[in-house]
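Novice: I'd like to ask some things about the structure below.
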Amino acid sequence: MQFIDLKAHQARVRIALDRRLAAVFDHGQYVGGFGIWELENALAGFVGVNHCISCANGTDALQVALMTALKAQDIPTMIYYPNPLHLVGVFQGLGYKRGEFPVTEEISDEIFSLPMHLHLTEADVARVAEAVRGAEAVRGAVA
């Protein structure tokens, strides 16, 4: 069942869409370019807040919200491997391509690290665990 006539919709927006895509191709800023700034400002205005952070998907939104909630409690987080190791420059000579290690790629997109070091006490571990468990409000705010 078709809910919307996509061809008719595309015909209405095609010229503007082609113009915007051409501008992106011309300036070459594919990540964090002027279009992202414009989108985030428009979204912030639409929902009535000062700032908005665009995300690639719902998992990213949850990750940002959880990391922010932990930071508010002075619990540091870090993304150590934003790119899977087989795609990092030093290993490119091995010839691996995106898609050859799908689990590794998925994990690198979704995982961030919580505090872990030799001087972490049991009380520290309990505080971090409680903060993560207490992030129920984060899920509700994003959902």
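Any read-out appearing in this document is the output of simple, stated calculations on the displayed coordinates, not a laboratory observation. Every value quoted in this text rests on a predicted model; they were computed, and no experiment measured them. All Cβ positions, glycine included, derive from the backbone under ideal geometry; neighbour counts span all protein chains shown.
Novice: Can you list the helices (runs of 4 or more DSSP H) found entirely within segment 18-122 that contain at least 2 residues being within 26 Å of GLY134 (Cα to Cα)?
Specialist: 58-72, 102-110
Novice: Output the qualifying pairs, or none if there are none: Cβ atoms under 6 angstrom, residues six or more apart or on different chains, first residue in segment 110-136 and closer than 12 Å to LEU70 by Cα and without any contact (Cβ under 8 Å) to a residue 60 or more places away in the chain, second residue surrounded by fewer than 10 Cβ atoms within 10 Å (Cβ to Cβ) and among the hydroxyl-bearing types (Ser, Thr, Tyr).
Specialist: Filtered contacts from segment 110-136: SER113/TYR80.
Novice: When the residues of segment 25-81 are filtered to those that are of a type in the set (Gly, Ala, Ser) and closer than 30 Å to LEU120 by Cβ, which remaining residue is surrounded by the fewest Cβ atoms within 10 Å (Cβ to Cβ)?
Specialist: Residue satisfying both the conditions and the ranking: ALA72.
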